[in-house]
Amino acid sequence: RRRRSRKGLNRRTLPSRSSRISMAALKTLLVALAASQAAAFGVANLRMSAERGLVRIGTRGSPLALAQAHETKRRLGEAFPELAEDGAVEIVTIMTKGDAILDKALSEIGGKGLFTKELDVSLLNKEVDICVHSMKDVPTWLVPGTVLPCNLPREDTRDAFISEKATNIAGLPDGSLVGSASLRRQAQILAINPTLKVVNFRGNVQTRLRKLNEGVVDATLLALAGLNRMDMSHVATSVLEYEEILPAVAQGAIGIQCREDDDMSLKYIAALTCAQTKTAVDCERAFLSTLDGNCRTPIAGQARVLPDGQLFFEGLIATPDGTKLYRFVPPFLRHAIAISSIRSKSKKTPTRPRVFEKKK
């Protein structure tokens, strides 16, 4: 009886056909409801972005890496007013394997990717929006799904010589210990004086300077760019010109990486790109990639855009012991390199760079 009465009630209470909502009106109502929910979701997302910052910068935790991240943050704030507000840009520190293992040479534990793998993972997992790198630490290949379209204006690319026993490499006493984890530096140091001993010397700038002061080594070489960025250029005994030590590929350049489908981050970092730096760094990395270079091969390379728009490049490849060293240089530098070699002490029988002519 209850069922029949309910059915009867339902039939009696159904609205007339004329009073029913048309399908078009129902569709309009549903679209309006969906738009309202999407707007509310968007507001929630904006609120969440404001709470965590509009841009999260992933970086290593060394003083130099943090200095580079803060430089990026400053430039973003100068380019975009919304990123100049407190909390708009957040710096996220990420420990990499390369930072954790300091008692072995990079060539023994995996090479350059040791300083980027954890940053890549955080970027792909959307834990950060962009990653700031020292370009000389970045492999010539990138993880799929990411791009590196931005280079900030480049710092001085030369190496700094630091020692209390000499003003340059040639002035070091025979048998002196030089601290360096770079095969590029090792090969060029030994080409100047084969009697020197180059020992593994890793850690951040402050750690290396402390070891030098403690007498662990007699001298060391550091990138002048890093010293400049940390306002520590005063610790350099001298600055080594290209004719003496050719810098690493991409030395002195900061690169910014993001996900390839992140339009917002791409817009932000595009405003920071220095076209001349990008051109030079791309040229150097193409040279390194073509030679299939890694941390087991002493390779150096420097490109620069001249005022007239020409791109000049110098490249070097050597054996780790410095006994064979091949170098391509522009014609206007060849005389300077020859003079540099002649000035070296004859008893040290330095290996003179072999100059390759560019084939037509």
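Every number here is computed from the coordinates shown, using simple stated rules; none is lab data. Keep in mind that this is a model prediction, so the values were computed, not measured. Cβ: placed from backbone, ideal geometry, glycine included. Neighbour counts: every protein chain shown.
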In whole angstrom, note down how far apart the Cα centers of the stretch 248-298 and the stretch 170-189 are. 28 Å
Protection proxy ranking of 310-318, 205-213 - average other beta-carbon atoms within 10 Å, highest first: 310-318, 205-213
Quickly rank 174-180, 259-265 as a protection proxy: mean count of other C-beta atoms within 10 Å, highest first. 174-180, 259-265
